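Some notes on the structure that comes next.
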Amino acid sequence: MFYRETGVFKTTYARDMELFPIPLDKIGFTVGLVLAFLIIPLFASHYLLVGIFIPFLVFSLAALGLNILTGFAGQLSLGHAGFMAVGAYATVIMYNRYDVPLPVALLGAGVITSAVGSIFGLPSLRIKGFYLAVSTLAAQLIIEWVITHVKWISGGVYSTVDIKALEFMGWKIDTAAEKYYVALVIVVIMAVFAKNLVRSRIGRAWMSIRDMDVASEIIGISQFRYKVLAFAVSSFYAGVAGGLVVAVYYGSANIEEFHLMLSFEILGMVIIGGMGSVLGSFLGAGFITLLPIFIDLSISSITHNVVDLSKVFTPDLLANAKNMIFGAFIIFFLAVEPLGLARLWHTIKDYLRLWPFPY
Amino acid sequence: MSDTVLFAVELTVSGLLVGLMYSLVALGFVLIYKASGIFNFAQGDMTFFAALGMAAFGALIPMWVGIILMVGAMVVLAVAIERIVLKPLVARPPLVLFMATIGIAFFLQGLAQGIWGTQPRGLSLGVTDHTYEIGGMFVSSLDIVGAVVAGVLVVVLVWFFQKTKTGRALRAVSDDHEAALSVGIPLRKAWGITWAIAGIVAIVAGALWGTRVGVQASLALLALKALPVLIVGGIDSIPGAIIGGLIIGAAENLAEGLIGPAVGGGIKNFFPYLLALIVLGVRPYGLFGREIIERV
Amino acid sequence: MPDGIQRPLLSVRDAYVTFGSLQALIGVSVDVREGEILAIIGPNGAGKTTLINVISGVYHPSPGQVFFEGKDRTRLHPDRVADLGIARTFQNVALFKGMTTLDNLMVGRHLQMKSGLFASGCYWGWGQKEEIKHREAVEDIIDFLEIEAIRKTPAGMLPYGMQKRVELGRALAAEPKLLLLDEPMAGMNLEEKEDMARFILDANEERGLTICLIEHDMGVVMDISDRLVVLEYGTKIAEGTPEEIRTNPDVIRAYLGAHGKKVKEAL
């Protein structure tokens with residue numbers, strides 16, 4: 001009854017192509033922004049900010065980058081964490097050693113990662129599909145090795161590089177809320193940019209490559225140029241996300257933060273959240289970020305209130321439940337709802353459009 | 001000069017022996033790809049699951065009982081995968097199936113460690129480890145056993161695919177699902193059989209590897225070593241898996257031994273991939289792979 | 001109807017295309033004159049789609065040459081060929097199933113649009129103006145093809161006949177000089193075929209498009225084509241006006257084996 005499309009007529013193309021054509025969507029988004037910018041930082045606990053909201057933002061950005069490459073342009077990448085690592089170390093080197101202002105360091109990290117990503121995208125001239133995925137895996141492994149073995153970058157195999165105290169133009173960024181704001185502003189700006197991009201000429205070119213690359217080429221879209229562009233943009237996002245991991249999440253750079261498993265986790269976020277959906281990247285990141293917490297909470301609450309599960313579920317099983325559930329969900333979403341949580345969200349919205357009428 | 005040459009030869013030989021083990025894992029991949037067109041990323045975790053299971057059993061029951069139990073487990077696993085993962089995803093593009101196998105990989109790893117714990121375990125096959133000296137080089141008896149087993153397995157599998165009715169039917173399935181169905185080959189049964197066979201290959205590979213290096217979580221990462229093997233050898237070629245494994249094993253060992261010390265080591269981690277990239281640059285479908293021709 | 005004294009818009013000279021041991025095209029030469037509707041007909045397996053693929057740049061004849069507007073374009077990649085002003089549809093509808101009708105048509109505008117990375121990402125401003133300008137062009141085609149109702153429907157959910165129409169729209173959106181249609185009416189019922197024929201004729205007459213089409217429905221082909229080219233087993237066996245082809249004994253013989261009386265009557 002409330003979620004209505006009737007009475008909403010678009011009289012210009014500009015209105016029809018708006019980000020949120022339905023007024024209720026606009027209101028919802030505004031409410032979300034108010035929540036994000038005002039309510040959360042003022043009322044959320046330190047634990048919530050540091051343990052949930054900041055990683056949620058940072059990994060949403062990473063997932064968004066991977067979604068651009070895999071979900072929109074159709075190029076499977078298994079090395080996304082490697083690119084994040086490039087951004088992380090680039091940020092920390094620029095900020096710590098060369099006193100580059102924080103926003104410039106993050107931007108620069110994005111650019112550098114974009115260049116690296118483009119290089120690893122070059123093989124897409126000749127190789128496709130599974131073979132290209134393998135070359136992205138090569139990127140992950142080679143980047144890991146270079147970072148750990150080039151002393152100038154990391155200081156050695158097992159070392160951690162702490163980032164200097166964060167500040168920008170005199171503003172000291174040392175509380176969790178302040179770090180949250182930094183991440184929030186950057187993520188919102190980049191998300192809007194991404195949303196515009198995927199609805200544009202470039203986004204359509206990418207999707208045409210994903211859906212039917214032979215036809216796409218015949219229509220006039222240079223496969224090579226747009227695939228490399230997808231790598232470049234995707235890596236830019238990964239680089240900034242990696243920089244944020246160091247700056248506002250962990251506070252330090254260590255190659256262990258960007259291991260291969262993370263690449264798969266981010267891929268899982270994209271699959272579960274919804275491939276080819278900006279919203280899906282956020283939903284997937286949220287899902288994966290909350291999953292371990294949810295498992296812990298439900299098992300301990302069931303144990304306390306219903307039946308002592310620790311007899312049935314050994315500690316080993318509990319510890320590994322996350323992996324099992326993660327794998328199961330990937331399969332579930334691929335089989336049942338390939339467009340992920342985002343599609344589920346739209347289905348709910350569609351249902352609400354008619355509610356309370358049956359059809 | 002002669003010392004370096006001897007060193008290089010030693011590196012090559014031990015590399016070849018390791019490479020044969022890579023081939024075993026790669027073989028599992030090739031089998032499933034040949035029979036269902038699916039690239040099974042979970043092969044490494046299947047190997048880990050098998051090895052960990054046998055190591056855990058080995059402490060309680062005779063090894064041969066453990067192996068039989070594990071074969072049974074693999075068959076059950078194959079049926080479960082076919083029913084829960086493959087059937088719903090039957091008409092989907094290969095990349096989607098690949099991603100589904102990533103899901104299976106995570107699930108299996110969690111399951112294996114959930115049941116049997118995360119402590120590294122030793123595995124004993126009843127083969128004592130002697131070191132033989134041949135022509136100035138050292139070769140371990142385990143390696144030799146491994147090589148022999150691998151060789152036998154390859155011969156058996158090649159014979160199976162070329163000469164038996166079931167094997168030929170499976171090859172037909174991989175080429176064209178619809179055509180195979182129309183000739184009366186029960187697709188799902190074929191897939192179940194293939195995955196079970198791949199599971200058995202995983203048991204063999206897991207047993208040999210586990211004996212060699214012990215069973216720990218990094219065993220699951222064998223899948224990562226197998227990928228360059230498949231690229232070099234071609235993803236649908238059984239002999240290619242062997243040759244690819246040998247090449248990768250020898251090359252990575254040589255690179256690590258000769259170049260490694262100069263750059264701080266760790267070359268083994270990425271060198272196979274570098275090699276694979278170079279091969280792809282020259283032959284985008286691998287050395288022995290078949291080109292996929294798309295109809296417009 | 002043009003009289004073909006000026007140089008042809010497109011010219012395929014002596015094209016040979018071989019796949020392994022299969023000779024798909026054997027020394028085929030075809031001219032397409034500006035402003036005409038040329039039909040390529042022939043039994044199945046004659047090499048018609050191969051010929052279209054040669055013109056599109058998907059296959060490169062060896063030996064053989066392709067000239068467009070007088071210049072040698074044989075070695076061009078398909079995306080460069082599109083840039084010349086050649087658009088096409090496909091035998092098995094090649095719509096981008098994950099995108100709406102509108103988006104599919106807008107992809108057709110790709111080469112006409114100039115929005116780069118920042119214009120697209122920052123949208124508000126110049127990017128938006130470009131998008132609106134080309135949306136207007138696409139709406140013109142939506143109007144022409146009468147597909148307003150399915151604008152926002154994902155292409156994968158459209159009925160077959162509509163998909164073919166949208167594909168035509170996507171090709172038209174490119175504002176091509178030459179339009180290649182590969183069996184645009186396959187699988188359609190009578191009414192859909194009449195609509196399609198009308199669109200093709202309108203595109204040719206009102207928009208001045210040169211059209212080259214492959215089609216099996218003889219009635220339609222004879223009705224709308226200016227000239228025909230007949231292929232059989234990779235060679236050209238006849239060329240001429242509908243009248244000439246209708247009475248050509250080689251053509252009748254080529255079809256008689258497969259279709260018999262029915263074809264003769266259609267001719």
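Nothing in this text is a laboratory measurement; each read-out follows from the coordinates by a stated rule. Keep in mind that what you see is a predicted model, and the values were worked out from it rather than measured. Virtual Cβ from ideal backbone geometry, glycine too; neighbours counted across all protein chains shown.
Listing for the model above:
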read-out: Between 0 and 90°, nearest 10: helix B:187-213 axis offset from chain B longest Cα axis; value: 10 degrees
read-out: Chain C: equivalent-ellipsoid semi-axes (sqrt of 5 x gyration tensor eigenvalues, Cα, Å); value: 33, 22, 17
read-out: Peptide B:109-122, shielding by other chains (average Cβ, 10 Å cutoff); value: 4
read-out: Straight-distance crosslink candidates among aspartates and glutamates, where the alpha carbon sits under 20 Å from residue B:189 and sequence neighbours closer than 8 are dropped; value: B:82, B:175, B:176, B:178
read-out: FRET efficiency, residue A:34 to residue A:122 (Cβ-Cβ, R0 51 Å, nearest 0.05); value: 0.70
read-out: Extension reserve of the residue C:7-residue C:112 stretch, reckoned as 0.36 nm per residue once the Cα distance is removed; value: 35.2 nm
read-out: Neighbour-count ranking [beta-carbon atoms within 10 angstrom, fewest first] of B:285, B:132; value: B:132, B:285
read-out: Separation of alpha-carbon centers, region A:61-83 and region A:176-192, rounded to whole Å; value: 20 Å
read-out: Linear extension gain, residue A:43 paired with residue A:318, 0.36 nm per residue minus alpha-carbon span; value: 95.8 nm
read-out: 10 Å Cβ neighbours from other chains, averaged over peptide A:138-146; value: 5
read-out: Pairwise label distance in nanometres, residue B:152 with residue B:63, each label 7 Å out on the Cα-Cβ vector; value: 1.2 nm
read-out: Inter-chain Cβ neighbour average for residues A:270-276, partner chain, 10 Å; value: 2
read-out: For region A:44-354, size of Cβ-based charge dipole, Lys and Arg +1, Asp and Glu -1, in debye; value: 860 debye
read-out: Using alpha-carbon coordinates, inclination of helix B:267-282 to the longest axis of chain B, degrees; value: 50 degrees
read-out: Calculated from backbone phi, Karplus (6.51, -1.76, 1.60) coupling profile of region B:49-62 in Hz, x at Gly/Pro; value: 4, 4, 5, 5, x, 5, 5, 5, 5, x, 6, 10, 9, x
read-out: Rough spin-label spacing in nm, given labels placed 7 Å along Cα→Cβ, for residue C:160 and residue A:261; value: 5.1 nm
read-out: Chain A - mean residue ellipticity at 222 nm from DSSP helices (-39,500 (n - 2.57) per run, n ≥ 4, rounded to 500); value: -21000 deg cm²/dmol
read-out: Label-point gap, in nm, between residue A:328 and residue C:247 - each point 7 angstrom along Cα→Cβ; value: 7.8 nm
read-out: Order of C:10, A:61, A:354 under a 10 Å beta carbon neighbour criterion, fewest first; value: A:354, C:10, A:61
read-out: For B:165, C:97, A:26, order by how many other beta-carbon atoms lie within 10 Å, fewest first; value: B:165, A:26, C:97
read-out: Total charge dipole magnitude, region C:175-234, about the Cα centre, Cβ charges on Lys, Arg, Asp, Glu only, Debye to nearest 20; value: 240 debye
read-out: For q = 0.08 Å⁻¹, Debye-computed log10 I/I(0) when each Cα of the protein assembly as shown counts as one equal scatterer; value: -0.87
read-out: FRET efficiency for residue C:71 and residue C:191, using Cβ-Cβ distance with R0 set to 35 Å, rounded to 0.05; value: 0.25
read-out: Paramagnetic reach from residue B:140 in region B:257-288 [backbone N under 16 Å; point 7 Å along Cα→Cβ]; value: none
read-out: Ellipsoid semi-axes in whole angstrom, largest first, where each is sqrt(5λ) of the Cα gyration tensor of region A:44-354; value: 29, 28, 20
read-out: Förster radius 51 Å - calculated FRET efficiency between residue B:160 and residue B:131 (Cβ-Cβ, nearest 0.05); value: 0.90
read-out: Lys/Arg +1, Asp/Glu -1 at C-beta; the protein assembly as shown dipole; positive extreme among C:197, C:60, B:254; value: B:254
